[in-house]
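Enquirer: Have a look at this one.
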Amino acid sequence: MRMRRKRHLDERLNKAKRLLFVEGDDFFFRKEEERFHIVNVVEVFGNANPVELEIGCGKGGFIIEKAKRNPDVNYIAAEKISNVLVSALENAEKVGVDNVRFLNCDARNLNYYFDSPFAGRIYLNFSTPYPQKGSAGKRLSNPRFIAVYDKLLLPGGEVIMKTDNAPLFEYSIESFSSCGYLIKNVTTNLHDSELSIGNVVTEYEKSFTDKGLPIFSFTAVKRA
């Protein structure tokens with residue numbers, strides 16, 4: 001079922017524009033050179049603190065909690081569905097965190113916003129598994145997306161993935177491995193392991209663990 005457009009969506013997005021960069025509906029109709037909107041993270045945050053990125057932030061619960069816990073780290077959260085992202089923006093404004101910014105864009109277009117590696121860590125939390133035959137190209141752990149992350153991550157940078165979907169978990173480990181990443185911190189039951197220490201629980205994660213379902217997780221490290 002398609003999500004109903006939220007009331008006053010454009011006005012609400014505009015109200016929080018201090019925290020937001022918008023891709024725009026005409027992105028794919030622009031000329032290649034017109035698609036670039038390079039974000040200077042030092043200028044945006046006003047400091048040179050380490051930067052981490054979440055792709056597919058939903059309503060922002062994870063990234064806002066990370067920002068609260070780690071005031072000396074800057075966070076960027078990308079979400080392509082503006083109808084969902086507006087909640088993250090409003091939640092960030094309500095909490096008052098100043099070390100998080102949002103990108104309303106498709107993950108495959110992130111290289112149009114950053115022209116050099118900047119991120120020490122990328123988070124993929126409960127990405128859509130796309131289990132249908134022939135849909136692997138849409139998965140955020142597909143090699144074509146990993147090629148994007150490669151340009152965003154600093155040498156030695158990490159991609160941390162959490163999912164409730166075992167086939168996606170297995171596919172993703174194989175995918176990152178095939179792209180030359182080192183795989184570590186592999187667990188098929190995150191909340192019953194030492195890796196749960198310091199873990200920020202997402203909304204999806206809580207719903208799964210409340211049902212007694214295991215959470216799968218691993219870290220992929222970009223080789224220096």
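Enquirer: Carbon and sulfur together cover what percent of the accessible area of region 140-209 at a 1.4 Å probe radius?
Expert: Roughly 54 percent, rounded to a whole number.
Enquirer: Ok, one more. Provide, as a two-decimal number, the C-alpha radius of gyration of region 51-155 over 2.2 N^0.38 Å, N being how many residues it has.
Expert: In units of the 2.2 N^0.38 Å rule of thumb, it is 1.07.
Enquirer: Now for a separate question. With 15 Å as the cut-off, how large is the P(r) tail for region 179-224, expressed as percent of Cα-Cα pairs?
Expert: When every Cα pair of region 179-224 is considered, 49 percent fall beyond 15 Å.
Enquirer: Still on this model: Let me have the relative contact order for region 165-224, percent, based on Cα pairs under 8 Å that are six or more residues apart.
Expert: 50
Enquirer: Quote to one decimal, in nm, the extra length available between D210 and K68 on full extension: 0.36 nm per residue of separation minus the C-alpha distance between them.
Expert: Separation in residues times 0.36 nm, less the Cα-Cα distance, equals 48.7 nm.
Enquirer: Using the Karplus curve 6.51 cos²θ - 1.76 cosθ + 1.60 with θ = phi - 60°, work out ³J(HN,Hα) for each residue of region 73-85 in order, rounded to whole Hz, and write x for Gly and Pro.
Expert: 10, 9, 10, 10, 10, 9, 8, 7, 9, 4, 4, 8, 4
Enquirer: Looking at the chain as a GNM with Cα springs under 10 Å, which of C57, C179, C105 has the largest mean-square fluctuation?
Expert: C179
Enquirer: Between N185 and F28, 0.36 nm times their residue separation minus their Cα-Cα distance comes to what?
Expert: 52.7 nm
Enquirer: In the Gaussian network model of the chain, springs joining C-alpha atoms below 10 Å, which of K59, K68, K31 carries the largest mean-square fluctuation?
Expert: Result for the chain, Cα springs under 10 Å: K31 fluctuates most.
Enquirer: Let me have the 222 nm mean residue ellipticity of the chain computed from DSSP H runs of 4+ only, each contributing -39500 (n - 2.57), with the sum over all residues rounded to the nearest 500.
Expert: The per-residue figure over the chain is -8500 deg cm²/dmol.
Enquirer: In nm, to one decimal, how far is the Q132 label point from the I197 one, both placed 7 Å along Cα→Cβ?
Expert: Modelled inter-label distance: 4.4 nm.
Enquirer: Radius of gyration and Dmax for the chain's Cα atoms, expressed in Å?
Expert: Cα-based Rg and Dmax for the chain come out at 17.1, 50 Å.
Enquirer: Can you compute the FRET efficiency between S116 and I81 using 1/(1 + (r/R0)^6), with r the Cβ-Cβ distance and R0 = 25 Å? Round to the nearest 0.05.
Expert: So the FRET efficiency works out to roughly 0.35.
Enquirer: With a probe of 1.4 Å, find how much accessible area the chain has per residue, and write the answer as a whole number in Å².
Expert: Heavy-atom SASA per residue in the chain reads 54 Å².
The values are calculated or read from the model by the stated rules, or taken from the named source; none is laboratory data. The shown structure was predicted, so the numbers you read here are calculated from the model rather than taken from an experiment. We place every Cβ from the backbone using ideal geometry, glycine too, and count neighbours over all the protein chains shown. Accessible surface areas use protein heavy atoms only, side chains included; no ligands, DNA or RNA. Shrake-Rupley method; radii C 1.70, N 1.55, O 1.52, S 1.80 Å.
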